[in-house]
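Chemist: Below you will find the structure I want to go over with you.
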Amino acid sequence: MSPWKRWRRRGVLLAGVGLAGVTLRNLSKHGAKRTTESKPFEPSTASTVISSEFKGPLRLGWTDWDDARVVSKMVAQLIETQFQLPVELIKADIGIQYESLARGDLELMVMAWLPMTHRGYWEKQWKRVLDLGPMYTGKLGWIVPDYVPESALNSVEQLQDPAIANQFSNRVQGIEPGSGLNQASLKALQAYGLPDLELVASSSAAMAAVVAKAIADQRWLIATSWTPHWMFARYGLRFLDDPKGVFGGTERIHALARFGLDRQAPEITAFLSRFQLPEQDLDALLLEVEESSADEAVKRYIDAHPERVRYWVTGQI
């Protein structure tokens, strides 16, 4: 059986793992107050318990991408408030997260872009991690503002024309050097024969700032980006066509766990196997984060969706 078939099978099998007998222990670290406009969901009082084998804290790896930050915080809040298990958020480059998870230095990561974006990392580590299944969907590639006419640039392939590339200062604004998106962008430069185009590595935050400044100035630019992202809710942006398929199609963002966590804390792995966010909800949530804070926006979302949270936590529909 190929690695790709195995990781798909593993996600299906894990979703059906039965919860083992467990005992309640009080390890609450950041109990959050809940609104009471409607009857609140509080499964932690009886139905949600953690195996005594796992003492915590649960180490959750994350990278400062907008969607990853929000989803990581939501997962952490729910684990702490509904399962009484403290969570330690550990910020690290995506490649380090895969390696740390395989070694057992992390319990979880919730930002594995599969099957294409993180293919290189996955092929190295798939035998040493547990796939808990997809949490939401996404897409990545190169973007331009909508005020750049499609007649001027509609495809990455057109940048082979020096006159067109020069209108964008022969630059593509990138993000973190170790990210799957930047790695795919380097491949795109080769696949499309764009040796004179410079990929400027920076950070996700710096990329967003460059895009905002360019739009304020009505300047033409090309940037690496992805959905879900708050920029698509705030600005008019579009992806350039990718006829060679370098950036892949729709990606699924998976939760991964270290080996053994499904035995030590089966409630946590079952919870994450059920956790799924609709694309439109995540887009709106990301924009809300820009106008308040991630912690506040995440808490409001949790409080506003008690039935969805109930299903994630208990499996009850």
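The values are calculated or read from the model by the stated rules, or taken from the named source; none is laboratory data. Given the structure is predicted, the values throughout are model-derived calculations rather than measurements. Heads up, the Cβs are rebuilt from the backbone with ideal geometry, glycines too, and the neighbour counts pull from every protein chain shown. We work out accessible area using only protein heavy atoms, side chains counted, and drop any ligands, DNA or RNA first. Shrake-Rupley method; radii C 1.70, N 1.55, O 1.52, S 1.80 Å.
Chemist: Return the pairs, sorted by first residue and then second, in which the second residue is hydrophobic (A, V, I, L, M, F, W, C) and in a loop (DSSP other than H, G, I, E, B), the first residue lies in segment 92-104 and is under 14 Å from T117 (Cα atoms) and open to solvent by less than 20 Å² (accessible area, probe 1.4 Å), the beta carbons are less than 9 Å apart, and the residues are 6+ apart or on different chains.
Modeler: Once the first residue is under 14 Å from T117 (Cα atoms) and open to solvent by less than 20 Å² (accessible area, probe 1.4 Å) and sits in segment 92-104, its partners that are hydrophobic (A, V, I, L, M, F, W, C) and in a loop (DSSP other than H, G, I, E, B) give I94/W65.
Chemist: Something else: Applying the selection to segment 187-202, what residues are outside any loop (DSSP other than H, G, I, E, B) and not charged (D, E, K, R)? Spell out the reasoning first.
Modeler: The initial filter retains those residues of segment 187-202 that are outside any loop (DSSP other than H, G, I, E, B), namely 187-191, 198-200.
Residues satisfying the conditions are A188, L189, Q190, A191, L199, V200.
Chemist: Would you confirm whether or not segment 64-74 contains a residue that is in contact with a helix residue (DSSP H, G or I) (Cβ under 7 Å, 6 or more places away or on another chain), open to solvent by 20 Å² or more (accessible area, probe 1.4 Å) and modelled with pLDDT of 90 or more?
Modeler: Checked segment 64-74: at least one residue is in contact with a helix residue (DSSP H, G or I) (Cβ under 7 Å, 6 or more places away or on another chain), open to solvent by 20 Å² or more (accessible area, probe 1.4 Å) and modelled with pLDDT of 90 or more.
Chemist: Got at least one residue in segment 248-263 being of a type in the set (S, T, Y), buried (at least 17 other Cβ atoms within 10 Å of the Cβ) and touching a residue at least 60 places away in the same chain (Cβ under 8 Å)? It would help to see each step written out before you state the result.
Modeler: Pass one, segment 248-263, residues of a type in the set (S, T, Y): 250.
Next cut, buried (at least 17 other Cβ atoms within 10 Å of the Cβ) only: none.
Within segment 248-263, none of the residues are of a type in the set (S, T, Y), buried (at least 17 other Cβ atoms within 10 Å of the Cβ) and touching a residue at least 60 places away in the same chain (Cβ under 8 Å).
Chemist: Among the residues of segment 169-185, are any over 22 Å from the mean Cα position of the chain (by Cα) and open to solvent by less than 10 Å² (accessible area, probe 1.4 Å)? So that I can check it myself, show each step before the final result.
Modeler: Restricting attention to segment 169-185, the residues satisfying the condition of being over 22 Å from the mean Cα position of the chain (by Cα) are 169-172.
Filter once more, so that each one left must be open to solvent by less than 10 Å² (accessible area, probe 1.4 Å): 172.
Yes, because at least one residue in segment 169-185 is over 22 Å from the mean Cα position of the chain (by Cα) and open to solvent by less than 10 Å² (accessible area, probe 1.4 Å).
Chemist: Sticking with this structure for a sec: Hand me the list of strands (runs of 3 or more DSSP E) wholly inside segment 101-173 holding 1 or more residues that are of a type in the set (D, E).
Modeler: Numbers: elements: 108-114, 129-145, 171-173.
Fully inside segment 101-173 and qualifying: 129-145.
Chemist: Without any contact (Cβ under 8 Å) to a residue 40 or more places away in the chain, of a type in the set (D, E), surrounded by fewer than 23 Cβ atoms within 10 Å (Cβ to Cβ) and not in a helix (DSSP H, G or I): does that describe E88? Don't jump to the end; show me each part of the working.
Modeler: On the way: without any contact (Cβ under 8 Å) to a residue 40 or more places away in the chain: yes; of a type in the set (D, E): yes; surrounded by fewer than 23 Cβ atoms within 10 Å (Cβ to Cβ): yes; not in a helix (DSSP H, G or I): yes.
When the stated conditions are applied, E88 passes them.
Chemist: Do you know which residues across segment 61-106 are of a type in the set (K, R) and closer than 26 Å to E279 by Cβ? Working first, answer last.
Modeler: From segment 61-106, those of a type in the set (K, R) are 69, 73, 91, 103; that's our starting set.
Residues satisfying the conditions are R69, K73, K91.
Chemist: Also, quick follow-up: Could you list, ordered by first residue, the pairs with Cβ atoms under 9 Å in which the first is in segment 155-169 and farther than 12 Å from I222 by Cβ and the second is open to solvent by less than 70 Å² (accessible area, probe 1.4 Å) and of a type in the set (S, T, N, Q), at least 6 apart or interchain?
Modeler: Cβ pairs passing all conditions: P162/N170.
Chemist: Taking E107 and the conditions (1) within 17 Å of P57 (Cα to Cα); (2) open to solvent by 60 Å² or more (accessible area, probe 1.4 Å); (3) within 20 Å of the chain's Cα centre (by Cα), which numbered condition does it fall short on, given that it satisfies the others?
Modeler: That leaves (2) as the condition not met.
Chemist: Pick from A212, A184, A205: which is within 25 Å of L282 (Cα to Cα), at pLDDT 95 or above and not in a loop (DSSP other than H, G, I, E, B)?
Modeler: Values: A184 fails: at pLDDT 95 or above; A205 fails: at pLDDT 95 or above.
None of the other options fit; the residue is A212.
Chemist: Being open to solvent by 20 Å² or more (accessible area, probe 1.4 Å) and among the small types (G, A, S) is the requirement here; does G141 meet it? Lay out the reasoning, then the answer.
Modeler: Numbers: open to solvent by 20 Å² or more (accessible area, probe 1.4 Å): no; among the small types (G, A, S): yes.
Considered against the rule, which asks whether it is open to solvent by 20 Å² or more (accessible area, probe 1.4 Å) and among the small types (G, A, S), G141 comes out as no.
Chemist: What is the number of the single condition among (1) without any contact (Cβ under 8 Å) to a residue 60 or more places away in the chain; (2) not in a strand (DSSP E or B) that D64 does not meet?
Modeler: Here D64 meets the rest and fails (1).
Chemist: Quickly run through segment 205-247 and pick out the residues that are in contact with a helix residue (DSSP H, G or I) (Cβ under 7 Å, 6 or more places away or on another chain), buried (at least 18 other Cβ atoms within 10 Å of the Cβ) and either without any contact (Cβ under 8 Å) to a residue 12 or more places away in the chain or among the hydroxyl-bearing types (S, T, Y) (or both).
Modeler: Once the filter is applied, which keeps residues that are in contact with a helix residue (DSSP H, G or I) (Cβ under 7 Å, 6 or more places away or on another chain), buried (at least 18 other Cβ atoms within 10 Å of the Cβ) and either without any contact (Cβ under 8 Å) to a residue 12 or more places away in the chain or among the hydroxyl-bearing types (S, T, Y) (or both), segment 205-247 yields T224, S225.
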